[in-house]
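Okay, so here's the structure we're looking at.
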Amino acid sequence: MKELFDLTGRTALVTGAGRGLGAAIAVGLAGAGADVALVTNRTPAEETKRRIEALGRRAIVITADLSDRTALPGVIEKTISAFGRIDILVNNAGIIRRTPAAEHSYADWQEVLDVNLNSVFVLSQLAGRAMIEQGSGKIINIASMLSFQGGINVPGYTASKHAVAGLTKALANEWAPKNVQVNAIAPGYMSTDNTEALRNDPVRSRQILERIPAGRWGTDQDLVGPAIMLASRASDYMSGHVLCVDGGWMVR
C-alpha cells in the first residue's frame, strides 16, 4: 500500500510555496519522497526549503511574478535544469480582491485573472509538454468552493476559480491518453491570509461555521493527504476530477 503513495525519485513544482497551503503541500510532497521546486514572489520560501531539506529531500527556490507571462517559461526551465525532469505541478498560487462588483476595478480583475488563471494555463501547458514527452505526469490545480458558487464581492476570484475547474477538465480530456493526469482540489473555507477578512467578521465567520458540518475552518494540513494522493500512483485512473476538501460544505 505504501508504494501507491511513494513519490521517491519524483520532482514537484509548487507555486505559492512560501507560506500557507502551498508550503504545507510542498513539505508534504517532500515527506512522501519528492524533490521540490518552490515558486514564490513576495513571500520568502527559505523556511519551506529548510523544512524540505530536513526531510532529506532537495529543494530550490524560484522567484517569479506569475502575473508576468514572460516569466513563466523560466520557472519550468529552472526546475528541469535543477532536477532533470518535472513529474508533478501544483498550481497553488492565487490572489483575491474584495470589492463589490459595481465598484470592482478592471485592474483588480485583470491581476486576479493573470495570477489565478492565465499562469495556471501557461505553466500547465509548458509542464504538460515535458510530461507528455517523458510519458507521465500529474498536474494538480487548486480550485475553490467558488468554482461552484458565486461568492460575494469577489467577481474576479469567482470567475478565475470557475475557469480553473473548466481548464482542469479540458486538459484532462486531452492528456489522459498520454498518461498525464490533471485534477484539482477545491479547498473549503481555510484559515489562510485570503480568508482573514472573513474570519475577522463575526457575522460572516459565524454564518460560514454554521454551514460547515465539520464545525471548523480548514487548515493547511487538511490538503496534504489529498495532494499526495493526486500526485502519486494512487490516482492513476483519476482524471478531470475536482476534489472538494471542505469539511462537508458542499453537501449541506
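Listed values for the stretch 117-123 are Karplus-derived 3J(HN,Hα) couplings in whole Hz (6.51 cos²θ - 1.76 cosθ + 1.60, θ = phi - 60°), namely 10, 4, 5, 5, 5, 5, 5, and x replaces Gly and Pro.
Using a Förster distance of 45 angstrom, determine the FRET efficiency expected from the C-beta separation of Arg216 and Tyr106, and round it to 0.05.
On the way: r = 37 Å, r/R0 = 0.82.
With a Förster radius of 45 Å, E is 0.75.
Residues whose amide H comes within less than 5 Å of that of Gly218, counting only those at least five positions distant or on another chain, are Tyr189, Met190, Ser191 (H built at 1.01 Å from N in the peptide plane). Taking the C-alpha atoms only, the angle from helix 20-31 to the longest principal axis of the chain is near 30 degrees.
Given a Förster distance of 22 Å, report the FRET efficiency between Ala54 and Asp236 from their Cβ-Cβ distance, rounded to the nearest 0.05.
Values: r = 30 Å, r/R0 = 1.35.
Once rounded, the FRET efficiency stands at 0.15.
Karplus-derived 3J(HN,Hα) values for the stretch 194-202, using 6.51 cos²θ - 1.76 cosθ + 1.60 with θ = phi - 60°, are 5, 9, 4, 4, 5, 5, 8, 8, x Hz; glycine and proline are entered as x.
Close lysine pairs were tallied over the chain: pairs 8 or more places apart or on different chains with Cα atoms under 18 Å apart number 5. Note on the chain: with a GNM built from Cα contacts shorter than 10 Å, the maximum mean-square fluctuation among Ala64, Ala93, Ala143 falls on Ala64. Computed over the chain with a Gaussian network model linking Cα atoms closer than 10 Å, the most mobile of Ile96, Ile208, Ile88 is Ile208.
Legend: Rg and Dmax of the stretch 175-245, from Cα coordinates, 15.4, 49 Å. Solvent-accessible surface of protein heavy atoms, probed at 1.4 angstrom with all chains present, puts Leu21, Leu4 in the order Leu4, Leu21, largest first. The distance between label points at Leu209 and Thr70 comes to 4.9 nm (points 7 Å beyond Cα on the Cα→Cβ vector). Distances between placed amide hydrogens fall under 5 Å for His241 paired with Ala184, all partners being 5 or more residues away or on another chain.
Of all accessible surface on the stretch 1-146 at a 1.4 Å probe, what whole percent is carbon and sulfur?
Working: 3210 of 6320 Å².
The value for the stretch 1-146 is 51 percent carbon and sulfur by accessible area.
The stretch between Arg42 and Asp193, if pulled fully straight at 0.36 nm per residue, gains 53.0 nm over its current Cα-Cα span. Taking the C-alpha atoms only, the angle from helix 155-175 to the longest principal axis of the chain is near 30 degrees. Here the Karplus relation 6.51 cos²θ - 1.76 cosθ + 1.60, evaluated at θ = phi - 60°, turns the backbone of the stretch 241-252 into coupling constants of 8, 10, 8, 7, 10, 9, x, x, 3, 6, 9, 8 Hz, with x for every Gly and Pro. Structural descriptor for the chain: relative contact order 20 percent, calculated from alpha carbon pairs under 8 angstrom and at least 6 residues apart. In the context of the full set of protein chains, the chain has a per residue accessible area of 45 Å² (1.4 Å probe).
The values are calculated or read from the model by the stated rules, or taken from the named source; none is laboratory data. Here the structure is a predicted model, which is why all the values come from computation and not from measurement. We place every Cβ from the backbone using ideal geometry, glycine too, and count neighbours over all the protein chains shown. These accessible areas exclude ligands, DNA and RNA; they are computed on the full protein's heavy atoms, side chains included. Shrake-Rupley method; radii C 1.70, N 1.55, O 1.52, S 1.80 Å.
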